[in-house]
1. Looking at ASN113, ASN64, which is the one that is closer than 14 Å to THR25 by Cβ, open to solvent by 60 Å² or more (accessible area, probe 1.4 Å) and modelled with pLDDT of 95 or more?
2. Of all residues in segment 68-78 being open to solvent by less than 20 Å² (accessible area, probe 1.4 Å) and under 9 Å from the mean Cα position of the chain (by Cα), which is farthest from GLU45 (Cα to Cα)?
3. What pairs can you find where one residue is in segment 33-53 and within 27 Å of ARG67 (Cα to Cα) and open to solvent by 90 Å² or more (accessible area, probe 1.4 Å), the other is at pLDDT below 95 and assigned to a strand (DSSP E or B), and their Cβ atoms are less than 7 Å apart, with a gap of 6+ or different chains?
4. Inside segment 56-86, can you point out the residues that are charged (D, E, K, R) and over 13 Å from LEU131 (Cα atoms)?
Amino acid sequence: MSVRLYSVVFACAAMTGCASITNDTTNPVRFETFSATGVEVKGAECKLENDYGQQNVTTPATVNVRRSSKDLQVTCVKAGEADGRGVAISRANAGMAGNIIFGGGIGAIIDHNKGTAYTYPQWIRVVMGKLLTFDRKADVDGQPNRGADLPAPVASK
């Protein structure tokens with residue numbers, strides 16, 4: 001192993017969590033709102049909410065969102081438009097993988113509890129009048145995550 005790799009392994013083992021070292025407790029997320037016909041809707045008021053609290057943002061904007069293992073609920077409103085809603089899926093980031101490979105269980109537990117081991121999509125485009133899910137797996141650098149329609153709930157018998 002190289003000296004650099006040894007240094008990373010040592011740092012992860014010595015500290016209480018790799019993601020806590022490499023990631024802030026927030027990650028920047030760009031928010032935009034569009035109509036169903038593809039026209040940008042500026043000035044929509046969006047409420048962002050996860051288990052760490054809520055933030056309000058006026059689109060378009062980039063804000064630092066508190067990282068969490070829980071999904072981010074997004075609700076956007078503007079007079080004359082149907083509400084746009086979305087769920088930004090929280091996914092484990094490379095810091096969590098580093099914990100599992102190098103740091104062991106304690107670092108993974110700490111980073112999970114602090115939320116630093118998770119990241120939301122980097123650019124979310126909410127469509128007014130729709131309920132979409134935004135998965136970081138669908139992120140493409142330099143392009144908005146347009147989301148996917150949430151499946152209809154299954155009726156219980």
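1. ASN64
2. SER68
3. Sorted first by the residue in segment 33-53, then by its partner, the pairs are TYR52/ARG66.
4. Within segment 56-86, ARG66, ARG67, LYS70, ASP71, LYS78, GLU81 qualify.
The values are calculated or read from the model by the stated rules, or taken from the named source; none is laboratory data. These numbers come from a predicted model, not from an experiment. For neighbour counting, all protein chains shown are included, and Cβ atoms are generated from backbone atoms with ideal geometry for every residue, glycine included. Only protein heavy atoms, including side chains, enter the accessible area calculation; ligands, DNA and RNA are left aside. Shrake-Rupley method; radii C 1.70, N 1.55, O 1.52, S 1.80 Å.
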